[in-house]
Amino acid sequence: MARIAGVNLPAKKRIEYALTYVFGIGLSRSREILQKLYISFDIRAENLTEKQASDIQKEVSKYATEGDLRKEILMNIRRLQQIGCYRGLRHKKGLPVRGQRTKTNARTRKGPRKAGSQIALKKKVIK
């Protein structure tokens, strides 16, 4: 089992897709890394040699990944909140940041419906 940037890569997956399990590495960056190292996209993560795994580890370490990237993103959001810009306020309130509508939808950001509004959604019971 290959371990890169503190993440155990799934053994049965092709290496181009297994690398995407590292936070901060998507498919395009994964392919870019493998092309640079002349490693086939078709090889499975379990079939990597020690040299290939160490080469991938060195190349991945050049990018911000995992904890460092999460910390950087968190600091960027905090900075927006501190300066009081519109995006920062939206982050604080837990609302969509990028201009999406909130009258309907936005349930992911806003959370489940509040108890008061659910009463209006229930059918009236006729006695």
Filter result for Pro112 (surrounded by 13 or more Cβ atoms within 10 Å (Cβ to Cβ), free of Cβ contacts under 8 Å to residues at least 40 places away in the same chain and farther than 29 Å from Val7 by Cβ): no
Pairs where the first residue, in segment 75-86, is closer than 21 Å to Ala64 by Cα and the second is surrounded by 12 or more Cβ atoms within 10 Å (Cβ to Cβ), C-beta under 7 Å, 6+ apart: Ile77/His91; Leu80/Arg87; Leu80/Gly88; Leu80/His91
Neighbours by Cβ (under 9 Å, 6+ apart or cross-chain): first from segment 1-30, closer than 17 Å to Asp68 by Cβ; second part of a loop (DSSP other than H, G, I, E, B) and basic (Lys, Arg): Tyr21/Lys13
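So that you can scan it fast, the table gives a plain yes or no per residue for (1) at pLDDT 80 or above; (2) in a helix (DSSP H, G or I):
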position: Arg87; (1), (2): yes, yes
position: His91; (1), (2): yes, yes
position: Thr102; (1), (2): yes, no
position: Gly116; (1), (2): no, yes
position: Lys124; (1), (2): no, no
Residue match in segment 14-23 (condition: of a type outside the set (Asp, Glu) and under 26 Å from Lys110 (Cα atoms)): yes
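The values are calculated or read from the model by the stated rules, or taken from the named source; none is laboratory data. All of these numbers come straight from a predicted model, not from anything done at the bench. Don't worry about glycine lacking a Cβ; one is built from the backbone with ideal geometry, like all the others, and counts go over all protein chains shown.
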